[in-house]
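Q: I'd like to ask you about the structure that follows.
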Amino acid sequence: MAKECNRTDLELRWIRILLTIIAIPILVLIFRTLKSIFIPLVFAIFLSFVFAPLNKYLRKKKVHISIIMALMLVIIIILMIASTLLISSAANSLVTGFPRYQTNLILRMQDAILRFEDFSARFDLAMGEGFGYDLTQLLSPGGFSISGAISNLMATTVDISWNFILIIIFLMFIVAQDGSLAKRLNTVLSEYDRKRTETTLGNIQQQIQRYLLTKTVISLCTAIVGMILMIMYGVDFVLVCGILLFVMNFIPNIGSIIASGIPILISFLQSGLDFRTLSFAVLIIATQMLFGNVLEPKIQGENLNLSPIMVLVSLIFWGWVWGIVGMVLAVPITSAINIILIQIDEKNLVSAIISG
């Protein structure tokens, strides 16, 4: 009898494992296909975590839920309008000022190719046909336009702001239902399961709040210091690069590298590869390393409990599923999944792999 029970338990365990293996690709396909719905929903959930302290404080003061929702709506609309105006201003300055850098880029690249050809001729290196392409054709207004590409990128960024409407709708529903969650848990779950669920939700909320606060402060400091360096060295497009430094810093590991490379490229196009550009590059890279690799880990500590390799894997995975937005959300989503897995089973294999 005992052997039959063990055999049944083993069979059920394998069935659960196989069902999980089948379900995961289906869920990923659903997330990827319906990303226009899931991305605003995830943002709304994270925003509800951000507003949770204010929401809790006002509820204690017996403020009506409609007033709380109206206050949140006003704050979000003000931030959205300010962000849209800032992005639009940066886009206009970039579109009007960058065409002359397009010409500089052609000249710099042609000069580099000529130097390489001269170097290869001295050592009798075979050049092949790889450098015979006409750069003016590649970067001409009728072919590829840097200003046009940047305009399209900025236009896409502004279009994303329209998702705030859907985010606000989801957020209002989440906030409205927040007070009734405890009552529903009481009716459905036992006291032990209810406390366990509340603990899990509380841990997820606390970690995401701390992560977003720390990341915002670090990103803002990085952007401010980068803009100051650009002003000191006379590098153009300070506002554009400041926005990129702030936003891209939310993408772990590679975001700050990409963002710091843009002002370095602008400095190179302005004055070439001289001491001014080299010293500027060293300072801005050192700033990124100081804030990203020294200060941020000390402030975050072991709060996220994610291994570096899993941060990179989650970055690639969520980037594939949801694009750049997925890369921004990768760390908090993976952290939330890890907390849920730990609450289900503290010794599960997946959580052991994810945890740092």
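The values are calculated or read from the model by the stated rules, or taken from the named source; none is laboratory data. Note that the structure is a prediction, hence the values are computed from the model and not measured. So basically every Cβ, Gly included, is an ideal-geometry build from the backbone, and we count neighbours across all protein chains shown.
Q: Which of the following residues is modelled with pLDDT of 75 or more and out of contact with any helix residue (DSSP H, G or I) (no Cβ under 7 Å at 6 or more places or on another chain): 231, 208, 169?
A: Only one candidate passes the filter, namely 169.
Q: Still on this structure, I have one more. Only one of 56, 62 is part of a helix (DSSP H, G or I) and surrounded by fewer than 14 Cβ atoms within 10 Å (Cβ to Cβ). Can you tell me which?
A: Only one candidate passes the filter, namely 56.
Q: Go through the residues of the range 30-48 one by one and say whether even a single one is part of a helix (DSSP H, G or I) and more than 26 Å from residue 323 (Cβ to Cβ).
A: The answer is no, given that none of the residues of the range 30-48 is part of a helix (DSSP H, G or I) and more than 26 Å from residue 323 (Cβ to Cβ).
Q: Among the residues that make up the range 242-254, is at least one of them over 15 Å from residue 215 (Cα atoms) and out of contact with any strand residue (DSSP E or B) (no Cβ under 6 Å at 6 or more places or on another chain)?
A: Yes, the range 242-254 has at least one match.
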